[in-house]
Amino acid sequence: MTTPATPVIAATGLERRFGSVVALRSVAISVAAGEVVLLAGPNGAGKSTLLRTLAGLARPTRGTVEVQGISLRNRPEGRGAIGFLSHQSFLYDDLTARENLRFAATLHGLASVEARVMDSLNAAGLAPRADARAAVLSHGMRQRLAIARATIHDPAVLLLDEPFSGLDATSVVQLRDGLAAGVARGRAVVCVTHQPADLWQIATRVVLLERGAIVFDTPRQHTLEDFQAACAQSGGA
Amino acid sequence: MNHDPAAIEKIIRRGRIITLAGFIGLLGVYILALGYTPAEKMQGLAFKILYVHAPAAWAMETAFVLVGVVGLLYFWLQDARLDVFAEASASVGMVFGAVLLITGPIWGRTIWGAWWAWDPRLTFTLLLYLMFAGYFALRSALRDPVERARFGAVIGVMGMLLVPFIHLTVYLFRSQHPMPVLGRPPCPPDAPNCAPSLPWVLLKPLLISFAVFTILYIGFVTIRYGIGLKRMMMEERDAG
Amino acid sequence: MLLGTALVIAAKDLRIEWRHRTAFTTAVLFAVLVLLVAVFAHDGATIQLRDLGPSVLWVVLSLSTLVTLNRAFLLERENRALDGILMAPVSATALFWGKWLANLVLVVVVMVVAIPLWMIFFNIEPSLRIFGVGAVALLAAAGFTAPGTLFSAMAVRTRFAELLLPVLLLPFLIPPLFFAAQATTQLLADAPIGELWGWLRLLALYDIAFLALAAMLFPAVMDQ
């Protein structure tokens, strides 16, 4: 287990309960710049809760999350260094693609909002549909717009929850290439997915979560097949 | 949070003892007020309801004020037990509020000739009661106990600020609306100092009753608090 | 910074509302229906419609406010857009002021439509005093949208938002409603302006007290 010098995001002793349900049990994870972490696990393992907690949207019952060395609890503004895409797109269906991005860019206090929005639309291949309402975009386009929204402020760490679901093969490749480009510039990525194959090429590390606890956390050495076998063996999936 | 089940049982047991003492005291108040206290000159027998009504008002107000105070403390200390106490106090407050809302109109019917004469204090009680009904409605719709505690505290604190405004509203409202029927001087049911001065023989049972209702409040809340702790502990044990 | 963020959020809300106008049209329709209910429910033989005027106005305005307030956070629930706002380095206090401002604008717009309708239905003579009624309405709306915004943020976290909000909010609506109805009665009775002051001061006091407290408590509601 390599522990690179300065983690971009680090969590220790995370525990999260919802009443009598324990979603996370003493989870510790730290991710460095340029790492791509594939977070896998059966349904209900706590993957989404872990991502929301890392994003600072869910307060852990116990434990801390630090972003660039600063605790989220003491300084919630630290969320600004995080990009997060959940199952939900965070988009307003009644705003256009451009307006959605503009709103996000303004909230993040970016300097040249319009230029940034234009770049983002171009990168996502959405420039021709910039003035269409989010509601009328195709599923693939909406997903690209949601990712553009999550990365508009060029976050140091990107948290993704099932970004590949419902995308066709071409879109999967586009999305993966886009992620790789960000990683090349030093971004850290944590990605929850049921389809590890989609991310496998660029993943540097694999983490398996089961019943709220981390079962294994290793650099990606073995093949996808070995990984899937390991997941199956640990019994949860 | 680790709670010793035995300690919780002890809390509940202590609550039961206090409550029992309170009920014995209440019986004493009834006997004293009905058997050994002369009838009041102006109001006659109806005055006797005061011995239950006024102390119940005191207990209800204490209960609800504590929900707000504990709410403030919760924002500071974030201790789940504070919310258990707040819920206990609020539910006990509802019980005393119900006593008020039943005895008040009975008294009003006899003295004013109307069940409901928009008496400021009763109207105040009703509005407060409704606010706490909303408090429980919201609580029952939330599943996450942390969220329930936080939202409960928010309503408790907002309610504290609302209290002076309701007070102002009910008094100003009454000054705008003359009473429907007024056979006798409009002396509010729970104002012992409204009459020029209450003779000691009438005042003494009242003071005793205030003490008894305070004991009842403490007893009820202790039991509810113990039960709340137990529930919390069971939830945590289920969580493993 | 705080004001800027609040304005951005309010502008976003109003833009969305402008696009389909659901809350606005529903609230106006609702206001008209409540007006009609009051007219048909009153006993025409004994009570002059005009005497009911101030009471009915405030029944209409408070009920149509309830209809519009849920919108603020229901809108954020779609696609969990609220999380998107919370991910930005934006203070929850700014979010409160933005939401409150959008709510206030919407409530005022509904009032601008409802008040003339009320004048027509209840034969209220147009005069300068109507602007006074408008000012009272603005003052009252500024106040009760404060607990309204706070409570709607809590209510949408449940499955019963539309039911819970009125139950939570109505006790808090009663003081400003009463102050405003009294002020309206005096305005329509051509009472000297001096007699209004007391009611206006109480309304202003309510506004300041509840805006400050609701803004302070709001971050605790956003904290998940």
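The values are calculated or read from the model by the stated rules, or taken from the named source; none is laboratory data. Remember, it's a predicted structure, so these values are computed and weren't measured experimentally. Positions of Cβ are generated from backbone atoms using ideal geometry, with glycine treated the same way; all protein chains shown enter the neighbour counts.
So the values come out like this:
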quantity: Flag for C:L128 being surrounded by fewer than 23 Cβ atoms within 10 Å (Cβ to Cβ), of a type in the set (A, V, I, L, M), touching a residue at least 24 places away in the same chain (Cβ under 8 Å) and on the phi < 0 side of the Ramachandran plot; calculated: no
quantity: Helices (runs of 4 or more DSSP H) completely within the stretch A:78-172 that count 1 or more residues being within 10 Å of chain C (Cβ to nearest Cβ); calculated: A:97-107, A:139-150
quantity: Candidate set: the stretch C:67-90, residues that are within 14 Å of chain A (Cβ to nearest Cβ) and within 13 Å of the chain's Cα centre (by Cα); chosen: the one surrounded by the most Cβ atoms within 10 Å (Cβ to Cβ); calculated: C:A72
quantity: Condition check for B:F220: assigned to a helix (DSSP H, G or I), at pLDDT 70 or above and within 9 Å of another protein chain (Cβ to nearest Cβ); calculated: no
quantity: Search result, residues across the stretch C:1-53 that are part of a helix (DSSP H, G or I), of a type outside the set (A, V, I, L, M) and away from chain A (no Cβ under 14 Å); calculated: C:T25, C:T26, C:F30, C:F40, C:R50, C:D51, C:G53
quantity: All positions within the stretch C:39-96 that are under 27 Å from C:A27 (Cα atoms), touching a Leu at 6+ places or on another chain (Cβ under 8 Å) and small (G, A, S); calculated: C:G53, C:S62, C:A81, C:A94
quantity: Single condition C:S64 does not satisfy, out of (1) within 14 Å of another protein chain (Cβ to nearest Cβ); (2) closer than 24 Å to C:W199 by Cβ; calculated: (1)
quantity: Test for C:L95: is it more than 14 Å from chain A (Cβ to nearest Cβ) and touching a residue at least 40 places away in the same chain (Cβ under 8 Å); calculated: no
quantity: Selected residue [among the small types (G, A, S), closer than 30 Å to C:A92 by Cβ and either within 13 Å of chain B (Cβ to nearest Cβ) or surrounded by fewer than 22 Cβ atoms within 10 Å (Cβ to Cβ) (or both)] from C:A141, C:A209; calculated: C:A209
quantity: Filtered residue count, the stretch A:7-43, keeping only those that are without any contact (Cβ under 8 Å) to a residue 40 or more places away in the chain and more than 20 Å from A:R79 (Cβ to Cβ); calculated: 5
quantity: Residues of the stretch C:147-162 satisfying the condition of being part of a helix (DSSP H, G or I) and either closer than 15 Å to C:W100 by Cβ or at the interface with another protein chain (Cβ under 8 Å from one of its Cβ atoms) (or both); calculated: C:P147, C:G148, C:T149, C:L150, C:F151, C:S152, C:A153, C:M154, C:A155
quantity: Which numbered condition A:E99 fails, given (1) touching a residue at least 40 places away in the same chain (Cβ under 8 Å); (2) within 29 Å of A:R142 (Cβ to Cβ); calculated: (1)
quantity: Single match in A:L72, A:L24, A:L39, A:L57 (criterion: over 22 Å from A:H194 (Cα atoms), touching a helix residue (DSSP H, G or I) at 6+ places or on another chain (Cβ under 9 Å) and at pLDDT 85 or above); calculated: A:L57
quantity: Conditions (1) within 14 Å of chain C (Cβ to nearest Cβ); (2) part of a loop (DSSP other than H, G, I, E, B); (3) crowded, with 21+ Cβ neighbours inside 10 Å: number failed by B:A117; calculated: (1)
quantity: Candidate set: the stretch C:192-201, residues that are farther than 19 Å from C:L104 by Cα and within 19 Å of the chain's Cα centre (by Cα); chosen: the one farthest from the other protein chains (Cβ to nearest Cβ); calculated: C:R201
quantity: Unique residue being within 13 Å of another protein chain (Cβ to nearest Cβ), at pLDDT below 95, farther than 24 Å from B:I11 by Cα and surrounded by fewer than 16 Cβ atoms within 10 Å (Cβ to Cβ) when the list is B:R143, B:R109; calculated: B:R143
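Residues checked against (1) touching a residue at least 12 places away in the same chain (Cβ under 8 Å); (2) over 27 Å from B:V146 (Cα atoms):
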position	(1), (2)
B:L77	no, no
B:R81	yes, no
B:V99	yes, yes
B:P105	yes, yes
B:I111	yes, yes
B:D119	yes, yes
B:T125	yes, yes
B:M131	yes, no
